[in-house]
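Asks: Let me begin by handing over the structure; questions about it come next.
Readers should treat all values here as calculations from the given coordinates under stated rules, not as data from a laboratory. Source: prediction; values computed, not measured. Cβ coordinates were reconstructed from backbone atoms using ideal geometry, including for glycine residues, and neighbour counts include every protein chain displayed.
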Amino acid sequence: MIRLKFEYLLFIVGLLILALGINMMTTITSFGLSPYDSLFIALYQNFGISIGFWMLAINLTFVIIVLFMDRSYITVGAILVMLLISLFVDLIGSIDALMATIRSLPPLLTMALGNICIGSGIGLYVCTQVCTAPQEAFVLVMSKRLKWTFRRTEILLACMFLSASFLLDGPIYYGTVVLSFTTGYIIQAAINVGNKMLRLVNQTKGAEAK
């Protein structure tokens, strides 16, 4: 029971940290978006419709691929993650004092902190295995199939998105390149820390049971 409660707590904390990072990155778009956002905008600029449509289309592509490879990773929880992230992003973005503080920071510091928050948030909620978003589910399945670490697979996926955005003349700046090669390392480090925390709680539960 303790471990179960801690897993859900860690899951929510991870999503909140991720939402904070997303809000931080939106204040410094001139330094470069993430490879994923860059591709979404590139698709919109080239083919129209809307950015939201392309986000949905790519997430659905991830869902279809994962369903064929290992459907256990796709659950109702995947939809829940997307809804919670959207809710938390709006919630944090509505806190004027917090956003004003973020905007007062030097852009380079904001980019670094935003990247750390995004990577840490993803790593913490992924390690709980409560549920994962389609993109993370895809990375988890591919890392399992390729016998690669989450970090290495995430970097490969980011590079693929970055290349596609480049070919479509998307908004790529030096910040985009930096994010492509660093976020995966942060995610992997956060997964390792989260797993250690879960093991510690599990050991504590076992000791109390004795």
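Asks: Which semi-axes, in whole Å and largest first, does the equivalent ellipsoid of the range 36-157 have when worked out from the alpha carbon gyration tensor as the square roots of 5 times its eigenvalues?
Replies: 27, 19, 16
Asks: Need one word for the range 81-128: rounded, prolate or oblate. Basis is the Cα gyration tensor (sqrt eigenvalues a ≥ b ≥ c); a/c below 1.5 gives rounded, then a/b vs b/c decides.
Replies: Oblate.
Asks: Additional query: Taking the Cβ of Met142 as the centre, find all other residues whose Cβ is under 12 Å away and add up their charges (Lys, Arg: +1; Asp, Glu: -1).
Replies: +1
Asks: Continuing with the same structure: Which helices count as membrane-span-like in the chain under these terms: full DSSP H, at least 27 Å along the axis by C-alpha, Kyte-Doolittle mean of 1.6 or more?
Replies: Qualifying helices, which must be both long enough and hydrophobic enough, are 2-26, 51-70.
Asks: Just to be sure I understand: with springs between alpha-carbon atoms less than 10 Å apart, which residue in Leu124, Leu43, Leu18 has the highest mean-square fluctuation in the Gaussian network model of the chain?
Replies: In the Gaussian network model the winner is Leu43.
Asks: Could I ask something else about it? With n ≥ 4 as the cut-off for DSSP H runs, can you work out [θ] at 222 nm for the chain, using -39500 (n - 2.57) per run divided by the number of residues, rounded to the nearest 500?
Replies: Counting only the DSSP helices, I get -28000 deg cm²/dmol.
Asks: Let me ask something else. Hey, if you put +1 on the Cβ of every Lys and Arg and -1 on every Asp and Glu Cβ in the range 2-205, which of Gly123, Ala97, Leu56 ends up farthest toward the positive end of that dipole?
Replies: Of Gly123, Ala97, Leu56, it is Gly123.
Asks: Sticking with this structure for a sec: Going by how many other Cβ atoms sit within 10 Å of their own, how do Ile118, Ile49 line up, fewest first?
Replies: Ile49, Ile118
Asks: Specify the inter-centroid distance of the range 124-141 and the range 67-119, based on alpha-carbon positions, in whole Å.
Replies: 14
Asks: Using Stokes-Einstein with the Kirkwood hydrodynamic radius over Cα pairs, what translational diffusion coefficient do you get for the range 2-205 at 10 °C and a viscosity of 1.306 mPa s, in µm²/s rounded to a whole number?
Replies: Values: Rh = 17.5 Å.
Translational diffusion coefficient: 91 µm²/s.
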